[in-house]
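Here is the structure we will look at.
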Amino acid sequence: MQAMSSVNLQSEAVNYWNDPIGSIKENSHILGSGKWGSRDKWQAIGDGHLKMFLNFDCKKGSMIEWGCGGGSNALAFSKIFDKVTGIDISKQSLKACDVLEIDNFEGVLLDVEVSGQYDFFLSTATFQHFTSKEYGENIVKKAHDILKPNALAMIQTRYDNGDERFIQKYKDYKNNAITFTSYKIDEFWGLLDDSGFDVESVILEPQANYAYYFARVK
């Protein structure tokens, strides 16, 4: 029953993020949708994450973003990385990235096997949408497998501080997608450590229960 439930939730997630409704596009951070009608506000997403990243030492060869959404991160990071690969569950998100015409960007649909070795792994506003903590754990392990030795990962999660809005959900993905999965801070730190990472820094944004983890392959 547990396995079937996981399959059903994943199917719900695929359907949710591929629904062409405007609100879904806004949740995917697609330029021109909802509150992302302003290009400056949309571009500030990626620019802000890039600013955080630049405080850490990392080779600027190839990077992979898990959950590229509308491409704000891809646009910002493409200015300093030779190659940017974006993974997403949503075909419309990949199309939105294509519209940006980033020369060194390649979009990949989630159901394609990801391989290769990267210098940097990025995932923001994505782990909170995963269908379970276990799914997130699998992605952390995948990140470790596809990163080069001593490479850096920057992963943002929602952190669970007991607030009912942010506790882990187990059903009704459509109505809970924005805050479906969360981790206690020490819990995700331990997950990274067990998966072969050394955590170098954690930055909190309490207004949204965001935790940014910067971790390096051991």
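The values are calculated or read from the model by the stated rules, or taken from the named source; none is laboratory data. What you see is a predicted model, and the numbers here were worked out from it, not measured in a lab. Methodologically, a virtual Cβ is constructed for each residue, glycine included, from the backbone with ideal geometry; neighbour enumeration extends over all protein chains shown.
Scanning the range 103-134 for residues that are among the aliphatic types (A, V, I, L, M) and either more than 23 Å from CYS58 (Cα to Cα) or surrounded by fewer than 19 Cβ atoms within 10 Å (Cβ to Cβ) (or both), which turns out farthest from the chain's Cα centre (by Cα)?
Ranking the candidates gives VAL112 first.
Report yes if LYS169 is touching a residue at least 12 places away in the same chain (Cβ under 8 Å), assigned to a loop (DSSP other than H, G, I, E, B) and closer than 24 Å to SER6 by Cβ, otherwise no. Before you say what the answer is, go through the steps one by one.
Details: touching a residue at least 12 places away in the same chain (Cβ under 8 Å): yes; assigned to a loop (DSSP other than H, G, I, E, B): yes; closer than 24 Å to SER6 by Cβ: yes.
For LYS169, the condition - touching a residue at least 12 places away in the same chain (Cβ under 8 Å), assigned to a loop (DSSP other than H, G, I, E, B) and closer than 24 Å to SER6 by Cβ - is met.
In the range 75-92, which residue that is in contact with a strand residue (DSSP E or B) (Cβ under 8 Å, 6 or more places away or on another chain) and small (Gly, Ala, Ser) is surrounded by the fewest Cβ atoms within 10 Å (Cβ to Cβ)?
My answer is SER78.
May I ask you to list the residues in the range 101-122 that are touching a residue at least 60 places away in the same chain (Cβ under 8 Å) and under 26 Å from SER23 (Cβ atoms)? Write out each step before concluding.
Going through the range 101-122, the residues touching a residue at least 60 places away in the same chain (Cβ under 8 Å) turn out to be 119-120, 122.
Selection gives LEU122 alone.
What are the residues in the range 123-134 that are over 19 Å from ASP19 (Cα atoms) and either modelled with pLDDT under 95 or not small (Gly, Ala, Ser) (or both), if any?
Answer for the range 123-134, where residues must be over 19 Å from ASP19 (Cα atoms) and either modelled with pLDDT under 95 or not small (Gly, Ala, Ser) (or both): THR124, PHE127, LYS133, GLU134.
Within the range 172-218, which residues are within 19 Å of GLU137 (Cβ to Cβ), assigned to a strand (DSSP E or B) and in contact (Cβ under 8 Å) with a residue 60 or more places away in the chain?
Scanning the range 172-218 gives TYR212, TYR213, PHE214, ALA215, ARG216, VAL217.
Exactly one of these conditions fails for TYR213: (1) closer than 18 Å to SER6 by Cα; (2) surrounded by 13 or more Cβ atoms within 10 Å (Cβ to Cβ); (3) not basic (Lys, Arg). Give me its number.
(1)
Please identify the pairs in which a residue from the range 72-87 that is within 23 Å of GLY37 (Cβ to Cβ) has its Cβ atom under 8 Å from the Cβ atom of a residue that is surrounded by fewer than 21 Cβ atoms within 10 Å (Cβ to Cβ) and among the polar types (S, T, N, Q), counting only partners at least 6 apart or on another chain.
SER72/GLN43; LEU75/GLN43; ALA76/GLN43; SER78/ASN104
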